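Participant: Sharing a structure with you now.
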Protein chains: 2
Amino acid sequence: MAKAGFSCSWHMITAKKRSFYAIASAGNPPGLEMRDGKMVNGIHVKETPSPYIGNTNPSGLVIDSNVVEPQTFLLGRFVEDRFVYRQTFSIRSYEIGPDKTATMETLMNLLQETALNHVTSSGLAGDGFGATREMSLRKLIWVVTRIHVQVQRYNCWGDVVEIDTWVDATGKNGMRRDWIIRDYKTQEIITRATSTWVIMNRETRKLSKIPGEVREELQPFYINRLAIPAEHNDVEKIDKLTDESAGRIQSGLAPRWSDMDANQHVNNVKYIGWILESVPMHVLEHYNLTSMTLEYRRECRQSSLLESLTSTSEDSNSNSSNRKADMEYTHLLRMQADKAEIVRARTDWKSKLKHK
Amino acid sequence: MAKAGFSCSWHMITAKKRSFYAIASAGNPPGLEMRDGKMVNGIHVKETPSPYIGNTNPSGLVIDSNVVEPQTFLLGRFVEDRFVYRQTFSIRSYEIGPDKTATMETLMNLLQETALNHVTSSGLAGDGFGATREMSLRKLIWVVTRIHVQVQRYNCWGDVVEIDTWVDATGKNGMRRDWIIRDYKTQEIITRATSTWVIMNRETRKLSKIPGEVREELQPFYINRLAIPAEHNDVEKIDKLTDESAGRIQSGLAPRWSDMDANQHVNNVKYIGWILESVPMHVLEHYNLTSMTLEYRRECRQSSLLESLTSTSEDSNSNSSNRKADMEYTHLLRMQADKAEIVRARTDWKSKLKHK
């Protein structure tokens, strides 16, 4: 994470300080007060009034009013003493792929949406896409450096999923954001994800330390909890692919106008589509993508023509010992002109016959 | 519509017979009974129980239970004696474009979603993507031949929109599906759309008459109501562009794996992105797309390489007399290899300064 270049689309994030509190701890941490008013955990919050009155059923869905605004259900809400933000989604017809289940791109879109709504609902949102007020004052934005997603099961059209997200500090100047996706009906955990973020000046495009004022905004939201247990996480460096080591190269990939986000950059989620363009068709058709790790290294604007590289060695045992894949690939997305790296990736695949 | 070729992704649709009843007519048409039980309007319906108990507020959103399943809000429901299907959506962060408002692609996705949920909720759904049971028995699918969308205003991230949809017969063997999108908060109509559908055999890929059994399924849902008044509709033929008449040609457009739908065809909505690829950048940046008409002529599979053509004459007065555009373009999306037509399109644009 130290020197990486970035993409600035998935800016982001805040949550509440509960470092060193156990995952299952009940009640509020000492000194932290939880009220539906204005001061919560020592910070001033501005929130849309919510009809949720507690966690009296597993999903926390209890209505205390006869008339409910659809916004309430279409957006999310805080649970677990406001350390966790939760939102439900139904998988839409246009979010499923050729095999009729949600695509990895869809899951990543939903993770992004939940993260951004988390910030907005926290009352900390500045004028940017996920930046806090103190960040906006300083022209700072969040940039993601690494995301790792593990999928146990992909949902179908019409299924409802429930996404939890929360944040914590990582290193001296980083933030970690985790997510868990549950099948709403069974409450089974079907996806786990973790990501690392740093701060960049949006004008100089240089990395920045987290200013004290920003740290103060964020700390009340931090909670020390891992979506992916350390022993199952993918923390290994992703090897750089070259023309020699990549058996498959797909050139001439052109971002479309519709791939641009509100910052006039390629949205990070779009990279997944291009990475998959160099994966063999029989794998796309007969295997499920069960794990994906992305290392973001450089921003990409619309004019850039891209190349997608995939290793041909279907390395089935080496690095994936803790993820038990049938197949593992290494990928690189780079600029076609100067070969500058944009994203490195690692994917694990399992046969659809075994993984459904 | 007579001989057109098609795309088969946006299959579709059913609703209830109320032909020749006026738009604002109150109460049930004679002989049609509306009960929350099993037989409605002479057809057997299978429906998810709904907590909605009527139309006592403008949106019909009244809750009669303390515990509400999120599905209820994430999916839609019937209103107006089950002749109209209504669904609310919040615009998500990844559904907005560079100008931070929902894109035309997003609107079309939401129209598709509402249409498909309409069929599913009607209890008529067969095994296909929008096909009825009697259609599925006969291997028949819906194919769209023409869609026309008029946008008054594009919404921002977090805004809630409410979409109404209904169907009617058109011609001897066609079906018309209309939509209206409202801003949920103000109830202002912000988008109107109409589309024409015919039936195709999914194996022979030949057009079919509507079999009597299918007609019987559909008729109870038909309602004679127009989203776009006849005098404001775009019914004119779209001229075929050629290398000579199209000043701008963008070649080498390649559908990605992620552009495929559950039928292994390019999803109809994806065509919009490619059509816009040949529109001048200054138009994409400084004008709003206020009207779009698509004439679908041929299916497209993943292997096809495409070309996008746009007329250079910014024809601002001729055909758009009833739509008052600042600019009008004609487009063609065709196969690169044999120049076979996939979609013809016409778009109207208004300056963002005037249209916001």
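The values are calculated or read from the model by the stated rules, or taken from the named source; none is laboratory data. Keep in mind that this is a model prediction, so the values were computed, not measured. Every residue, glycine among them, receives a Cβ derived from its backbone with ideal geometry; neighbour counts consider all protein chains shown. Note: areas computed on protein heavy atoms with side chains; ligands, DNA, RNA excluded. Shrake-Rupley method; radii C 1.70, N 1.55, O 1.52, S 1.80 Å.
Participant: Pairs under 7 Å by beta carbon, first residue in contact (Cβ under 8 Å) with a residue 60 or more places away in the chain and away from every other protein chain (no Cβ under 13 Å) in segment A:153-174, partner of a type in the set (A, V, I, L, M, F, W, C) and in a loop (DSSP other than H, G, I, E, B), six or more apart or different chains?
Facilitator: A:Trp166/A:Ala15; A:Trp166/A:Phe83; A:Val167/A:Ile13; A:Val167/A:Ala15; A:Gly174/A:Met1
Condition check ((1) touching a helix residue (DSSP H, G or I) at 6+ places or on another chain (Cβ under 8 Å); (2) in a helix (DSSP H, G or I); (3) modelled with pLDDT of 80 or more) across all residues:
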position	(1), (2), (3)
B:Asp315	no, no, no
B:Ala325	no, no, yes
B:Glu328	no, no, yes
B:Ile342	yes, no, yes
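Participant: Taking segment A:195-205 as the search range and keeping residues that are open to solvent by 20 Å² or more (accessible area, probe 1.4 Å) and within 22 Å of the chain's Cα centre (by Cα), which one is modelled with the highest pLDDT?
Facilitator: Among residues in segment A:195-205 that are open to solvent by 20 Å² or more (accessible area, probe 1.4 Å) and within 22 Å of the chain's Cα centre (by Cα), the one modelled with the highest pLDDT is A:Thr196.
Participant: Looking only at residues that are within 14 Å of another protein chain (Cβ to nearest Cβ) and part of a loop (DSSP other than H, G, I, E, B) in segment A:246-256, which one is most open to solvent (accessible area, probe 1.4 Å)? Please lay out each step first, then the result.
Facilitator: Residues of segment A:246-256 that are within 14 Å of another protein chain (Cβ to nearest Cβ), as a first pass: A:248, A:250-256.
Retained after the next criterion (residues that are part of a loop (DSSP other than H, G, I, E, B)): A:254-256.
Values: A:Ala254: 50, A:Pro255: 6, A:Arg256: 21 Å².
This residue is A:Ala254.
Participant: Please verify whether segment B:161-181 includes one or more residues that are over 21 Å from the mean Cα position of the chain (by Cα), open to solvent by 10 Å² or more (accessible area, probe 1.4 Å) and not aromatic (Phe, Trp, Tyr).
Facilitator: Taking segment B:161-181 as the starting set, the residues that turn out to be over 21 Å from the mean Cα position of the chain (by Cα) are none.
Within segment B:161-181, none of the residues are over 21 Å from the mean Cα position of the chain (by Cα), open to solvent by 10 Å² or more (accessible area, probe 1.4 Å) and not aromatic (Phe, Trp, Tyr).
Participant: For segment B:266-293, which positions are assigned to a loop (DSSP other than H, G, I, E, B), in contact (Cβ under 8 Å) with a residue 40 or more places away in the chain and within 9 Å of chain A (Cβ to nearest Cβ)? Step through it out loud before you land on a result.
Facilitator: Of all residues in segment B:266-293, those assigned to a loop (DSSP other than H, G, I, E, B) come to B:267-269, B:277-280.
Pick out the ones that are also in contact (Cβ under 8 Å) with a residue 40 or more places away in the chain and you get B:267-269, B:278-279.
Selection gives B:Asn267, B:Val269, B:Val279.
Participant: Also, quick follow-up: Looking only at segment A:134-160, filter to residues that are in contact with a helix residue (DSSP H, G or I) (Cβ under 6 Å, 6 or more places away or on another chain) and open to solvent by 20 Å² or more (accessible area, probe 1.4 Å); which one of those is farthest from A:Arg225 (Cα to Cα)?
Facilitator: Selected residue: A:Trp157.
One line per residue, one yes/no per condition, for (1) under 20 Å from B:Ser90 (Cβ atoms); (2) of a type in the set (Phe, Trp, Tyr); (3) within 14 Å of the chain's Cα centre (by Cα):
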residue: A:Glu95; (1), (2), (3): yes, no, no
residue: A:Pro98; (1), (2), (3): no, no, no
residue: A:Met108; (1), (2), (3): yes, no, yes
residue: A:Leu111; (1), (2), (3): yes, no, yes
residue: A:Ala115; (1), (2), (3): yes, no, yes
residue: A:Val119; (1), (2), (3): yes, no, yes
residue: A:Ser122; (1), (2), (3): yes, no, no
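Participant: Further, regarding this structure: So which residues in segment A:92-133 are open to solvent by 30 Å² or more (accessible area, probe 1.4 Å), in a loop (DSSP other than H, G, I, E, B), more than 9 Å from chain B (Cβ to nearest Cβ) and without any contact (Cβ under 8 Å) to a residue 60 or more places away in the chain, if there are any at all?
Facilitator: A:Asp127
Participant: Check off (1) of a type in the set (Ser, Thr, Tyr); (2) modelled with pLDDT of 95 or more; (3) closer than 30 Å to B:Leu107 by Cβ for A:Ser258 and give me the number that stays unchecked.
Facilitator: The failed condition is (2).
Participant: I'm trying to understand the selection: among the residues of segment A:217-259, which are farther than 30 Å from A:Thr312 by Cβ and touching a strand residue (DSSP E or B) at 6+ places or on another chain (Cβ under 8 Å)?
Facilitator: A:Glu217, A:Leu218, A:Gln219, A:Pro220, A:Phe221, A:Tyr222, A:Ile223, A:Asn224, A:Arg225, A:Leu226, A:Ala227
Participant: Hey, another quick one. Looking only at segment A:76-91, which residues are surrounded by fewer than 20 Cβ atoms within 10 Å (Cβ to Cβ) and at the interface with another protein chain (Cβ under 10 Å from one of its Cβ atoms)?
Facilitator: Selection gives A:Ser90 alone.
Participant: Of the conditions (1) free of Cβ contacts under 8 Å to residues at least 12 places away in the same chain; (2) away from every other protein chain (no Cβ under 11 Å), B:Asp239 fails just one. Which one is it?
Facilitator: Checking B:Asp239 against (1) free of Cβ contacts under 8 Å to residues at least 12 places away in the same chain; (2) away from every other protein chain (no Cβ under 11 Å), the one that fails is (1).
Residues are listed down the side, and each one gets a yes or a no for (1) open to solvent by 60 Å² or more (accessible area, probe 1.4 Å); (2) farther than 24 Å from B:Thr165 by Cα; (3) not in a helix (DSSP H, G or I):
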| position | (1), (2), (3) |
| --- | --- |
| B:Glu216 | yes, no, no |
| B:Ile228 | no, no, yes |
| B:Glu231 | yes, no, no |
| B:Lys240 | yes, yes, yes |
| B:Glu244 | yes, yes, yes |
